[in-house]
Structure formats: structure tokens, C-alpha cells
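What follows is a set of notes on a single structure, which appears directly below.
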Amino acid sequence: MNTHSKTSRPIDETAEAADERVATLVARARAAQRTAEGYDQARVDELVAAAGWAILEPGRNRELAELAVLDTGIGNVEDKVRKNHRKTLGLLRDLQGAKSVGVISEDPAKGLVEIARPVGVVCAVTPSTNPGATPANKIINALKGRNAVIVAPSPKGWSTCERLLQFIHAAFDRIGAPRDLVQMLPAPVDKASTLALMRQCDLVVATGSQANVRAAYASGTPAFGVGAGNVAGIVDETADLALVADRVRRSKTFDNATSCSSENSLVLLDSIYDAAVQALKGQGAVLLNAAQKARLQALMWPDGKLSSAATGQNATVVAQRAGLHEVEALQPTMLLVEESGFGPEHPFSGEKLAPVLTLYRARDFAHAMAIVEQVYAWQGAGHSVGLHSTRDDRAMQLGLQLPVSRVIVNQAHCIATGGSFDNGLPFSLSMGCGTWGRNNFSDNMNYRHYLNVTRISRPIPERVPSEDEIFGAYFGKFGRG
């Protein structure tokens, strides 16, 4: 447990009052965490199961999904029900049997023993796009490490998070665990209280806006933050276009494209461009003409910055709000726009958080990679790239050359990136983007990120390598000069 205390110099009365309010929550969290630190693995896994069932139970899951859509106006209920279920069940599968208490690894040959230790009190910053699933994921991971956690939800997602915590506290009452292991900032959540919590806790895990991520890194507290999403996918000449269109539709329309893992651009090789567009139309997509694209742009970026007018809405609503009534009448699943440029003068090259998909035409695969690099030079570096192809070597090319932490091959991207039952990635709603995305990790965030690890080192037989073992190849090629 991290027992140090942090002090800060408030810059105004609001900050000082926030520090005092948060200090009370943190003190209670530290007391509860000291209790949890004495738990064995079996007791910890009871905590995890209690918190997991608090959101997985079908009636509670649906209540949380309905409340999330009602309060945020983002996404749709049925997809949030599926997300709450799959993401939590998948996480619990990953955690089942995982060691997080006491000795977690031994290597007699190296004389090393690894011991899992808590990080202390976790500040979990969560977004309005996933006001149930993301807090649950972070809470469960934190509990697996015998930590206490205080959630800083988005203001729009506060009531959903509050209801989730009520369910978790009821489950804790059943098993005799302290409620103060899981808390949240009181309403109204504001910048001052969130910053105070970041300063006073022992670890910050921040998902959501890049402003929150930057604040987490600047808080003076160790922090994990995620990079910006703006996923691109490449479709080459070997792909099964019917399967591609189905995957893209399922990914791009899931929860009305609120996921940072939903495709924002699709790069189509010239030889299959027209056929791919037809396949997408077969899934209900509508390709906008230049005038329609301009009207959609006016809705989504009225002052050069992405507005909330289309965020988390289905394509029919987006078309209606953009005044595209001829498109609205078609009840589209996705809106397609063609683009050739990148950057602020070409806003469709960026993240949209709506079922709007940008299409690029590439001469060949090398050109497709170059297009993705230009997209990510503007926004989205480090996150992931999709590939639809039967050529395994092309996945390796992307992994070796593009600034991405994940290459998602022949899958519905937003379902696959955060872990799925048919791939090996850890289930998570927080994807690290490496230094490309200005993050300090490139994994799917998991319980190991919520642990300190103490290492015991014992002496082993000494073995000192000879110079020839180390430098033989170098000397043989360049000499000993």
C-alpha cells in the first residue's frame, strides 16, 4: 500500500474546498484499503465476483444501460446491454485464476520471486460514452489488486455511475466487505474536484477526453492515460468484400460509434474500390455527394471543432439534424464521405464518434499504408489499424511500419480491439497507445497495471561471459580496433 500523503497549493477557494472534500473520501478509501490489504486471494476473488455480478445481473445491466442513454443521450440501450455484459464477463474470464496476492511468480534459475502488492487508492476517470462499463472495468481491476478506487465520472454519466455503485455496495454488504473500497466524487463533478482527486490518490487511470488524460499526466501522481482514437482500416484486393462490409457495419454502428475503436476511415485499394462501396451500400450505408458532405460538415464542425450534435446518434438522426432529408428517408446505417486530404482543413479525416465513415482510395497497398500514416499524423497515432486481407505478410508489414499498438486482422474492429472471446487480447475499455499517442504504455489496460510488484533476489552461481561471447560477431566483422 502507498501510504504517502500528497499536498497541493490551491490556486483559489474553489480548489481549496475541493481538496478538503476529496481528502475526506481519500481518508475513508485508505482505511478500507488497509482492510483489503489483509485479504487472501480467495477473499479478493470474492470482491471481484461481487462487483462483477453487480453489473452482469441482467436486470441491473439493463437498468444501467437505460439510465446511461437517458442521461447522456449517447448510444443505444441494446448495445450498451451487450457491452456491459461482454466486457465484464470477458474481464472476469481474464481474471479467473490470475494471481494478484502474495507470490505471483518464481524463477529458481534466476533466484527471483515476485510478490504482488497494492498500489493504494486509485482515481478512475471515466467518460460519458461508457458510464457503466468503463467504471465497472476499472473498479474490478482495482479490486483484484486489493486497492480502493474512487471514480471521477463525467458529469453526464454521474447518475449511471452512482447506480452502479449502489449495486456494488449492496453486493459488498452481502459478503461483508467495506463499502468505502469503491466510492465516487459527489455531484456536481467539476474540474476542481477531479484535479484534487488526481493529486491526492496513488494512481490515476484516465479514459476519455485528451484534456483529462493530459491533466492526469500533469497531476504529479503516477498515471495511465489513453490516446486519441481515430481508427483506420485497410481493405486490399484479396478481401472478401461481403464479409468486410458486414464487419465494418457491425463495428461502426455498435453503440452508435461511441467507441474509440470504431473505424473512422476506410482505405480501399483502387482495384476493389467501387465493389467495396457497393458492398457497404448493401449493408445500408449511403454515400453522400459533395453538397451533402458539406452540409454534414457544417453540422459536425460548425466552428472548426467537433460538436456534440452527431455524437452517439444513429445515422438517420445525424442525417435529419444535418438537413439531409432525402438521406434520412433511406434510414441509413452509416453515412459515407469520400476524402483525399488530411488535417484540420479536412475534418472528416479525424475522429467523429458517429456512424460517419470516411473513404480513401489507394493505388496499391504501399499507398494505403502511406494514407494511414497521414491520417495518424493528424490524429489517432498509436491506437490500432484494421486489415481485411487473406495475406498474412501484410499484417506483419503494418505491425513493423505503422505507428500502432494493435493490428486487427479480419475482425469487426471495435468489438475486437478491446478483447473478444475469439481473439487473445485482454478485455479492456482503456487502450494504451504508446509514445506515438503520448502514452506510457501500449497494452490493453489490465489488472497488472493496478499492482506494485516486489522482487526478492537470492544469489545464484556466478557466470561471467567472456569477451568473445559478447563481442565475437562484432570482432569477426569489424576487428578489435
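Just one of (1) at pLDDT 95 or above; (2) surrounded by fewer than 23 Cβ atoms within 10 Å (Cβ to Cβ); (3) not in a loop (DSSP other than H, G, I, E, B) fails for residue 71. It is (1).
Among residues of region 246-261 being under 13 Å from residue 386 (Cβ atoms) and at pLDDT 95 or above, the one that is surrounded by the most Cβ atoms within 10 Å (Cβ to Cβ) is 252. Among the residues making up region 441-481, a single one is under 27 Å from residue 91 (Cα atoms) and of a type in the set (Asp, Glu): 443. When residues in region 382-409 are screened for being surrounded by 23 or more Cβ atoms within 10 Å (Cβ to Cβ) and over 11 Å from residue 233 (Cβ atoms), 5 of them pass.
Please enumerate the residues belonging to region 304-340 that are on the phi > 0 side of the Ramachandran plot and polar (S, T, N, Q). Give the steps one after another, and end with the answer.
Our first condition is that a residue be on the phi > 0 side of the Ramachandran plot; within region 304-340, this holds for 304, 312, 323, 331.
The answer is 331, and nothing else.
Residue-by-condition table, conditions (1) farther than 19 Å from residue 89 by Cα; (2) surrounded by fewer than 23 Cβ atoms within 10 Å (Cβ to Cβ):
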position	(1), (2)
127	yes, no
130	no, no
138	no, no
146	yes, no
152	yes, no
162	yes, yes
168	no, no
178	yes, yes
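Among the candidates 410, 440, which residue alone is at pLDDT below 95 and not hydroxyl-bearing (Ser, Thr, Tyr)?
Values: 410 fails: at pLDDT below 95.
It is 440.
Would you check if residue 386 is part of a loop (DSSP other than H, G, I, E, B), more than 25 Å from residue 289 (Cα to Cα), touching an Asp or Glu at 6+ places or on another chain (Cβ under 8 Å) and of a type outside the set (Asp, Glu)? It is false that residue 386 is part of a loop (DSSP other than H, G, I, E, B), more than 25 Å from residue 289 (Cα to Cα), touching an Asp or Glu at 6+ places or on another chain (Cβ under 8 Å) and of a type outside the set (Asp, Glu). Consider region 21-32 and keep the residues that are out of contact with any Leu (no Cβ under 7 Å at 6 or more places or on another chain) and either in contact (Cβ under 8 Å) with a residue 12 or more places away in the chain or closer than 15 Å to residue 175 by Cβ (or both). The one that is surrounded by the fewest Cβ atoms within 10 Å (Cβ to Cβ) is 31.
Taken over region 135-155, the criterion of being charged (D, E, K, R) and closer than 22 Å to residue 431 by Cβ is satisfied by 138, 144.
When restricted to residues that are among the small types (Gly, Ala, Ser) and either on the phi > 0 side of the Ramachandran plot or in contact (Cβ under 8 Å) with a residue 24 or more places away in the chain (or both), region 443-478 contains 1.
In this structure, is residue 255 part of a helix (DSSP H, G or I) and touching a Gly at 6+ places or on another chain (Cβ under 8 Å)? The answer is yes for residue 255. Could you grab me the full set of residues in region 417-434 that are more than 12 Å from the chain's Cα centre (by Cα) and within 15 Å of residue 229 (Cβ to Cβ)? The answer is 434, and nothing else. Considering region 322-375 alone, what residues qualify as being under 16 Å from residue 231 (Cβ atoms) and of a type in the set (Lys, Arg)? Passing the criteria: only 352. Here residue 89 passes the criteria (1) modelled with pLDDT of 95 or more; (2) in a helix (DSSP H, G or I); (3) closer than 22 Å to residue 159 by Cα except the one numbered (3). Scanning region 397-456 for residues that are part of a strand (DSSP E or B) and more than 19 Å from residue 134 (Cβ to Cβ) turns up 404, 407, 408, 409, 451, 452, 453, 454, 455, 456. Residues of region 291-333 that are of a type in the set (Lys, Arg) and either crowded, with 19+ Cβ neighbours inside 10 Å or under 24 Å from the mean Cα position of the chain (by Cα) (or both): 293, 305. Only one entry of 72, 88 meets the criterion of being hydroxyl-bearing (Ser, Thr, Tyr) and closer than 25 Å to residue 308 by Cβ, and that entry is 72.
Pairing each residue of region 235-250 that is closer than 11 Å to residue 271 by Cα with any residue that is at pLDDT 95 or above and surrounded by fewer than 16 Cβ atoms within 10 Å (Cβ to Cβ), provided the two are 6+ apart or on different chains, yields C-beta distances under 6 Å for 237/271; 238/390; 238/391. Residue pairs whose Cβ atoms lie under 6 Å apart, separated by 6 or more positions or on different chains, with the first residue in region 339-356 and over 8 Å from residue 300 (Cβ atoms) and the second of a type in the set (Phe, Trp, Tyr) and in a helix (DSSP H, G or I), are 339/348; 342/378; 343/378; 349/378.
If I go through region 216-228 residue by residue, how many of them are small (Gly, Ala, Ser) and over 19 Å from residue 134 (Cα atoms)?
Within region 216-228, the subset small (Gly, Ala, Ser) is 216, 218-220, 223, 225, 227-228.
Next cut, over 19 Å from residue 134 (Cα atoms) only: 218-220.
Residues that pass the stated criteria total 3.
Given the structure, is residue 66 farther than 27 Å from residue 159 by Cβ, part of a helix (DSSP H, G or I), touching a helix residue (DSSP H, G or I) at 6+ places or on another chain (Cβ under 6 Å) and modelled with pLDDT of 95 or more? Break it down into steps so the answer makes sense when it comes.
Details: farther than 27 Å from residue 159 by Cβ: no; part of a helix (DSSP H, G or I): yes; touching a helix residue (DSSP H, G or I) at 6+ places or on another chain (Cβ under 6 Å): yes; modelled with pLDDT of 95 or more: yes.
Considered against the rule, which asks whether it is farther than 27 Å from residue 159 by Cβ, part of a helix (DSSP H, G or I), touching a helix residue (DSSP H, G or I) at 6+ places or on another chain (Cβ under 6 Å) and modelled with pLDDT of 95 or more, residue 66 comes out as no.
The values are calculated or read from the model by the stated rules, or taken from the named source; none is laboratory data. Treat the numbers as computed from the prediction; the structure is a model and nothing was measured. So basically every Cβ, Gly included, is an ideal-geometry build from the backbone, and we count neighbours across all protein chains shown.
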